[in-house]
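Take a look at the structure below.
The values are calculated or read from the model by the stated rules, or taken from the named source; none is laboratory data. This structure is a prediction, so every number in the text was calculated from the model and none was measured. We place every Cβ from the backbone using ideal geometry, glycine too, and count neighbours over all the protein chains shown.
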Amino acid sequence: MRRLLVPWSGLVVAVLAVLTLVGATLPAEAKAKRSATSFVYVESDPGSVTGDGLTYLAAQPSATIRVEGSKRAPDMVITADQGGDSFTFTIDRDLPDRITAGVHEFDPLEPGGYGFLVTLPRSLGATLQGTLDIRQLEFSKDGLQVARLDLTFTAYSSSFGSGRLRGHLAYRSTKSLELPSTRGVLQGGEWVQGRRSLLNAQGLDSGEGRGEIAQRLSMGGDGQAVLVRRDWPDFLYPENHVDKVAWTSPTAGSDADRLYLSTSGRFSVRAGADDTVWSVRPKGAGKGTFLLVNYDGRLLLVSARLKVLWSVG
């Protein structure tokens, strides 16, 4: 019998082609499982007493995410500590029930059901009702610790205020993610120019409270990008706010008139569409990287897996 001889180089090429084809046909969910991520992301409407209209992100490496709970416990606490600010999310059930994966309605007035308490930095607490979608919940082998958690939620105050609160909490999650799309976010391929700004707005429905516009990034008149942070020296008197410049790009005196984020994750200050005056592209930036003006007045470049790659302010 005559043997078919295949050159080693041809065999290697064939194997690589098969692996490439398999990788290309994997669903997005399978591809996402290659890296775990931990973060807290919350966005809120004006009129939300708890969120105060702001967009919040606490993510690694600047934030520490923790989860306390066990396989048999009727409650679970997710915390994020970042720069002196603390986020706390508490899920609880009546004994002897335990928390399980799946979609659950929560209402503090419903006996035997789920309860969900949210505490955000610099905001008021409120009794909440809404829906939890626990997409991933895994425990250690002994069942005493949470190994992975991924959940999304939508909530509203059952006492006062009309705005809704939406969030995504992840702890070593391997689930697929949906990137933010609020007014405070610049996606790859988008521009900021003219009168447009990236806004992290806050305030009540009436337009009072803490002001219509708080943290913002825009182009100044001297060729600089300007990041402005709004502070309140006295929490009880929101009308007495102070706007402070938190960061400016090193482009003063140039002809720069716009900001741009490329699809490869490069953030640049440009004069016209093609002349780059200054830019930054940190390690890890790529497809899906976005720019965010955070609740605390910082400017963040964030990866598609919600890890902070670069920050100023």
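Could you list all residues from the stretch 247-259 that are buried (at least 20 other Cβ atoms within 10 Å of the Cβ) and either at pLDDT below 95 or not in a loop (DSSP other than H, G, I, E, B) (or both)?
Within the stretch 247-259, just 259 meets the criteria.
Kindly provide the set of residues from the stretch 100-123 that are assigned to a strand (DSSP E or B), of a type in the set (A, V, I, L, M) and surrounded by fewer than 15 Cβ atoms within 10 Å (Cβ to Cβ), ordered by number.
Once the filter is applied, which keeps residues that are assigned to a strand (DSSP E or B), of a type in the set (A, V, I, L, M) and surrounded by fewer than 15 Cβ atoms within 10 Å (Cβ to Cβ), the stretch 100-123 yields only 103.
If the requirement is being buried (at least 19 other Cβ atoms within 10 Å of the Cβ), under 16 Å from residue 192 (Cα atoms) and in contact with a Phe, Trp or Tyr (Cβ under 6 Å, 6 or more places away or on another chain), which of these qualifies: 292, 301?
301
Answer yes or no as to whether residue 145 is in contact with a strand residue (DSSP E or B) (Cβ under 6 Å, 6 or more places away or on another chain) and surrounded by fewer than 20 Cβ atoms within 10 Å (Cβ to Cβ).
Here the answer is no, as residue 145 does not meet what is asked.
So, in the stretch 260-271, exactly how many residues are of a type in the set (A, V, I, L, M) and crowded, with 16+ Cβ neighbours inside 10 Å?
Of the residues in that region, 2 qualify.
Does the stretch 157-185 hold any residues that are surrounded by 20 or more Cβ atoms within 10 Å (Cβ to Cβ) and among the small types (Gly, Ala, Ser), and which are they?
157, 161, 167, 170, 173, 184
If we only count strands (runs of 3 or more DSSP E) wholly inside the stretch 262-313, which ones have 2 or more residues that are more than 30 Å from residue 53 (Cα to Cα) and either modelled with pLDDT of 95 or more or of a type in the set (Val, Ile, Thr) (or both)?
Qualifying strands (runs of 3 or more DSSP E): 267-271, 275-280.
Being out of contact with any strand residue (DSSP E or B) (no Cβ under 7 Å at 6 or more places or on another chain) and among the polar types (S, T, N, Q) is the filter here, so list the residues in the stretch 263-303 that pass it.
Passing the criteria: 263, 264.
Which one of 97, 92, 133 is modelled with pLDDT under 95 and in a strand (DSSP E or B)?
92
Taking the stretch 91-126 only, how many residues are under 28 Å from residue 234 (Cα atoms) and of a type in the set (S, T, N, Q)?
Of the residues in the stretch 91-126, 2 are under 28 Å from residue 234 (Cα atoms) and of a type in the set (S, T, N, Q).
Please tell me if residue 66 is more than 19 Å from residue 230 (Cβ to Cβ), charged (D, E, K, R), at pLDDT 95 or above and loosely packed, with under 15 Cβ neighbours inside 10 Å.
Answer is yes for this residue.
For the stretch 69-99, which positions are surrounded by fewer than 19 Cβ atoms within 10 Å (Cβ to Cβ) and touching a residue at least 60 places away in the same chain (Cβ under 8 Å)?
70, 71, 72, 83, 85
Check residue 52 against each of (1) of a type in the set (Asp, Glu); (2) in a loop (DSSP other than H, G, I, E, B); (3) surrounded by fewer than 16 Cβ atoms within 10 Å (Cβ to Cβ) and name the one condition it does not meet.
(3)
Residue 188 versus (1) touching a Phe, Trp or Tyr at 6+ places or on another chain (Cβ under 8 Å); (2) of a type in the set (Gly, Ala, Ser); (3) surrounded by fewer than 17 Cβ atoms within 10 Å (Cβ to Cβ); (4) in a loop (DSSP other than H, G, I, E, B): which is the lone unmet condition?
Unmet condition: (3).
Based on what the data block shows, is residue 308 more than 22 Å from the chain's Cα centre (by Cα), touching a residue at least 40 places away in the same chain (Cβ under 8 Å) and buried (at least 21 other Cβ atoms within 10 Å of the Cβ)?
Spelling it out, it is not the case that residue 308 is more than 22 Å from the chain's Cα centre (by Cα), touching a residue at least 40 places away in the same chain (Cβ under 8 Å) and buried (at least 21 other Cβ atoms within 10 Å of the Cβ).
Looking at residue 154 and the list (1) assigned to a strand (DSSP E or B); (2) surrounded by 16 or more Cβ atoms within 10 Å (Cβ to Cβ), which single condition is not satisfied?
(2)
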